[in-house]
1. Considering segment 4-53 alone, what residues qualify as being closer than 19 Å to Asn77 by Cα, of a type in the set (Asp, Glu) and either more than 17 Å from the chain's Cα centre (by Cα) or away from the ligand (no atom under 14 Å from the Cβ) (or both)?
2. Hey, among Leu196, Leu143, which residue is among the aliphatic types (A, V, I, L, M), surrounded by 22 or more Cβ atoms within 10 Å (Cβ to Cβ) and in a strand (DSSP E or B)?
3. Go through segment 44-60 and report how many residues are out of contact with any strand residue (DSSP E or B) (no Cβ under 6 Å at 6 or more places or on another chain) and surrounded by 19 or more Cβ atoms within 10 Å (Cβ to Cβ).
4. Within segment 249-260, which residues are touching a helix residue (DSSP H, G or I) at 6+ places or on another chain (Cβ under 6 Å) and either in a helix (DSSP H, G or I) or closer than 18 Å to Arg224 by Cα (or both)?
5. Touching a helix residue (DSSP H, G or I) at 6+ places or on another chain (Cβ under 7 Å), farther than 26 Å from Val113 by Cβ, modelled with pLDDT of 95 or more and among the aliphatic types (A, V, I, L, M): is that true of Ala222 in this structure?
6. Go through (1) part of a helix (DSSP H, G or I); (2) under 30 Å from Leu95 (Cβ atoms) one by one and return the number of the condition Ala217 breaks.
7. Scan segment 54-92 for residues that are over 18 Å from the mean Cα position of the chain (by Cα) and either within 13 Å of the ligand (Cβ to nearest atom) or not aliphatic (A, V, I, L, M) (or both) and jot them down.
8. If you take the residues of segment 100-111 that are within 16 Å of the chain's Cα centre (by Cα) and not in a helix (DSSP H, G or I), which of them is nearest to the ligand (Cβ to nearest atom)?
Amino acid sequence: MRILLLGKYGQLGWELQRTLAPLGEVIGLDYPEIDLTQTQSIRNLFKEHRPQLIVNATAYTAVDRAESEPEIALAVNGQAPGILAEEAQQIKAALIHYSTDYVFDGSKGSAYVETDATNPLGVYGSSKLAGEQAITQIGGAYLILRTSWVYSLRRPSFVTKVLEWSRQQPVLRMVTDQVANPTSARMLSEVTAQLLARGLPITFDWLKERRGIYHLAGSGIATRMEWAQAILRNDPHPQEQVVQSVEPALTADFPTPAQRPLFSALNCDLFRQIFGLGLPDWRTALQLSMSAD
Ligand SMILES: NC(=O)c1ccc[n+]([C@@H]2O[C@H](COP(=O)([O-])OP(=O)(O)OC[C@H]3O[C@@H](n4cnc5c(N)ncnc54)[C@H](OP(=O)(O)O)[C@@H]3O)[C@@H](O)[C@H]2O)c1
């Protein structure tokens, strides 16, 4: 199978380049080699590579910056996915795309299921929702995997930031009113590859029968505070920490340009039911990601 992987240097894309390799030939690309704001260059990719599967791990993920760059966020997150879906459909290629818990407003109070009403609070969430809608309108063989709080140790993420702060500050203030599912980029890419392996060798028809939006994130929920505490516990070099305590804070204590949903945990039961797979408990995944054992 010929796989076009877009966003190979991102947190998720870097892992996907490795986990997808056993499935076939992976053509990995990323900015600036490709620019998803350029419609024609997206279309050219299909002529040049004739992929059977497209995995789109690109995204404009700067949630706060998106508020002042809405056109770019919308082009990358909202319009490009529709062009990918259109081109994929024309050559009978399957499409895997990722979306976000930020399509929700966080007011539900319990974990969101796929059929819950969306209502993004900021430009990033709105642009990702536009991408979902563009793909679903076109149809074809696609999966949209909504995930949340993605981390890797390779690129700046909440995990690397907490480790950095723990070496600089005696007191860390962490919010207790933001709740979601910490998701290991490694585990997410692993589950993506395993689900695709189940559809071989007839990926297009197999995925078309199962197409839709699914929630796929680390099992269990956490507050930012709980997540930060677990990161510190799993620090492979605790002797480097200068932090003495982690104090509770509220989102309102740290004003940001973008408003974020407070409770955006995802219920991933549907994915497990349809594909027989899921991500492990977020604490287990974090420990495995940070441990040298
Ligand atoms: N990170 C999270 O907490 C989170 C939470 C929920 C959902 N998600 C979703 O999960 C998926 C993977 O996220 P991630 O954390 O792996 O993202 P990431 O690390 O920010 O990687 C995204 C990749 O897309 C590239 N990109 C940005 N603009 C581009 C453009 N115009 N043309 C081509 N490539 C471009 C980036 O390149 P540059 O680095 O050069 O910009 C980067 O390599 C995305 O769909 C995201 O929306 C992420």
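The values are calculated or read from the model by the stated rules, or taken from the named source; none is laboratory data. Here the structure is a predicted model, which is why all the values come from computation and not from measurement. Note: ideal-geometry Cβ built from the backbone for every residue, glycine included; neighbour counts use all protein chains shown.
1. Glu33, Asp35
2. Working: Leu196 fails: in a strand (DSSP E or B).
Selected residue: Leu143, the only one of Leu196, Leu143 that is among the aliphatic types (A, V, I, L, M), surrounded by 22 or more Cβ atoms within 10 Å (Cβ to Cβ) and in a strand (DSSP E or B).
3. Within segment 44-60, the subset out of contact with any strand residue (DSSP E or B) (no Cβ under 6 Å at 6 or more places or on another chain) is 44-48, 50, 57, 59-60.
Subset that is surrounded by 19 or more Cβ atoms within 10 Å (Cβ to Cβ): 45-46, 57, 59-60.
Residues that pass the stated criteria total 5.
4. Within segment 249-260, the subset touching a helix residue (DSSP H, G or I) at 6+ places or on another chain (Cβ under 6 Å) is 257-258.
Selection gives Ala258 alone.
5. Values: touching a helix residue (DSSP H, G or I) at 6+ places or on another chain (Cβ under 7 Å): yes; farther than 26 Å from Val113 by Cβ: no; modelled with pLDDT of 95 or more: yes; among the aliphatic types (A, V, I, L, M): yes.
It is false that Ala222 is touching a helix residue (DSSP H, G or I) at 6+ places or on another chain (Cβ under 7 Å), farther than 26 Å from Val113 by Cβ, modelled with pLDDT of 95 or more and among the aliphatic types (A, V, I, L, M).
6. Looking at each condition in turn, Ala217 falls short on (1).
7. Glu67, Ser68, Glu69, Pro70, Glu71, Ile72, Ile83, Glu86, Glu87, Gln89, Gln90, Lys92
8. First, pick out the residues of segment 100-111 that are within 16 Å of the chain's Cα centre (by Cα): 100-104.
Cutting the leftovers down to not in a helix (DSSP H, G or I) gives us 100, 104.
Details: Thr100: 4, Phe104: 11 Å.
Restricting to residues being within 16 Å of the chain's Cα centre (by Cα) and not in a helix (DSSP H, G or I), the top hit is Thr100.
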